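Report on the following structure.
The values are calculated or read from the model by the stated rules, or taken from the named source; none is laboratory data. Only a predicted model underlies this, so the values are computations on that prediction, with no experimental measurement involved. Cβ coordinates were reconstructed from backbone atoms using ideal geometry, including for glycine residues, and neighbour counts include every protein chain displayed. The area values use the complete protein model at the heavy-atom level, side chains included, leaving out ligands, DNA and RNA. Shrake-Rupley method; radii C 1.70, N 1.55, O 1.52, S 1.80 Å.
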Amino acid sequence: MFALQATPPSVGAAIAALVGLALVGGLLGAIGSAVVRRLGNPVGKYRLLYAAVLFPYTLLAYAVFALTGFGAAILTGLPAAPDLMTGILADFVTFLAAGCVWIVSYFPTVRGIRDVRDIDLATSTSIWKMTRYVIGVSALLSVVLIPLQVGSIESSPFALAVGLAVLLLGMLYAAPWLIVVLRSTSKPTGDTADRLARLCDRAGLTVRDVRILDTENEETAQTLVRGPPTYRRLFVTSTFLDAFDDETATALLAIEAGQLRTYVFEVRVGTVLVAGIVLIASVIGIGPRWPLLGLALGSILVGFWLSQRRIRTADEYAAEQVGRTTVADALGEYADVHALEPTRRRIPNPLSIKVALGDRIDRLRSSSDP
């Protein structure tokens, strides 16, 4: 999609770039994992390693592949095809290459995660699941970006940025169906379905239906609600149902309901989109560069502040449903299940989209807070 180079590199050069970027990614993952395992709260630091180091590096790898025409180079030996089809295949190959960099970067961290969480997670199982996810996301993004194949980034880059934002929002609202395709899920039946219906009712969470995500030995106890306002689907992991009693599960679902009511997810997505579009505008010269960069940074700060504020509001909603102590205890149990140490900050971090878990627990336990 963004292959701006008139002549793509040779197949050999493209493969060499893939191998080189993957090896560097693997080195980053290995060094990062070795460092993180020696730090306090290693599970939380692993999450930071993924979000702040490995994922940005994967995005950088994608940018390199896209800007150098990696996909077109790999497809050089294939029979001639219509331009649209060639563009779709080139996008898929480019996304897949970036996904390979992510998998190689992720691979050295699996053993570390298994050790610090003391779980029975086979490396082969974890990598297979990640590979399946990468292939699915690569195919999905290639299809979603088909409308941009008819555009030209040189002639109207800002319009394409806006179009990409619209497509991204559409993909997010299609998440109830996309997650089912990309992950192993099942529909709850019998006593499990009755239990989930009862928990949702007590938590004040209204959804269209529920799916259970199979986490096997990953022991990830999470909930997720996705979809447009007219079709909300709740995803719960199998570990969530096994690890928590009804009181704790109700409290965590009440937090999910509160975040749904305060549009936490939409605020986060909106922040990324607004800041991203303004940043693109500054880079390609639509308007004064430095004021636009300042506006992008300001959008991030405002969006993050608003996200933190709404997370606290969602906690208050959950407290109204089941009680402040119950919600605080539930967050503590959530941390225990994931081997997380609830972090606390004396000064709020304006560059964090979340509120420190320990601060949330302390606030709920403090009767002086409203």
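Can you grab the distance from the C-alpha centre of region 297-360 to the C-alpha centre of region 11-66, Å, no decimals? Here the two parts' Cα centres lie 28 Å apart.
Normalising the average separation of contacting C-alpha pairs (under 8 angstrom, six or more residues apart) by the number of residues puts the relative contact order of region 215-264 at 33 percent. Just want the answer: with Cβ charges of +1 for Lys and Arg and -1 for Asp and Glu, which residue in GLN259, GLY276, PHE55 is farthest toward the dipole's positive end in the chain? Of GLN259, GLY276, PHE55, it is GLY276. Of all aspartates and glutamates in the structure, those lying under 16 Å Cα to Cα from LYS129, and not within fewer than 8 positions of it along the same chain, are ASP120, ASP214, GLU216, GLU218, GLU219.
At a temperature of 20 °C and a viscosity of 1.002 mPa s, determine how fast region 241-370 diffuses translationally according to Stokes-Einstein, using the Kirkwood radius over alpha-carbon pairs as Rh; express D in µm²/s, rounded to the nearest whole number. D, rounded to a whole number, is 133 µm²/s.
Residues in region 229-340 average 44 Å² of solvent-accessible surface per residue, probe 1.4 Å, ligands and nucleic acids excluded. What is the sum of charges, Lys and Arg at +1 and Asp and Glu at -1, for the other residues whose Cβ falls under 13 Å from the Cβ of LEU182? For residues surrounding LEU182, the net value is +4. Each 5 Å bin from 0 upward holds the following percent of the Cα-Cα pairs of region 29-115: 3, 14, 21, 16, 12, 10, 9, 7, 5, 2, 1, 0.
Over all pairs of different C-alpha atoms in the chain, the reciprocal of the mean inverse distance, the Kirkwood hydrodynamic radius, equals 22.6 Å. Normalised by the number of residues in the chain, the average gap of Cα pairs under 8 Å and 6 or more apart makes the relative contact order 14 percent. Helical runs assigned H by DSSP (4 residues or longer) give the chain a calculated mean residue ellipticity at 222 nm of -22500 deg cm²/dmol, each run adding -39500 (n - 2.57) before division by the residue total.
Restricting the calculation to Cα atoms, region 322-370 shows an Rg/Rh of 0.98 when the hydrodynamic-style radius is the Kirkwood one.
Specify whether the C-alpha gyration tensor of region 169-284 places it in the rounded, prolate or oblate class, a ≥ b ≥ c being the square roots of the eigenvalues: rounded for a/c under 1.5, otherwise prolate if a/b is larger than b/c and oblate if not. Please list the in-between numbers first.
Details: a/c = 2.23, a/b = 1.88, b/c = 1.19.
In terms of gyration-tensor shape, prolate.
For PHE55 and LEU23, what is the calculated FRET efficiency with R₀ set at 22 Å and r taken between the beta-carbons, to the nearest 0.05? So, using R0 = 22 Å, E works out to roughly 0.80. Summing charges over all other residues whose Cβ lies under 11 Å from the Cβ of GLU333, with Lys and Arg as +1 and Asp and Glu as -1, gives -4. For the chain, the longest principal axis of the C-alpha atoms and the axis of helix 55-67 are separated by about 20°.
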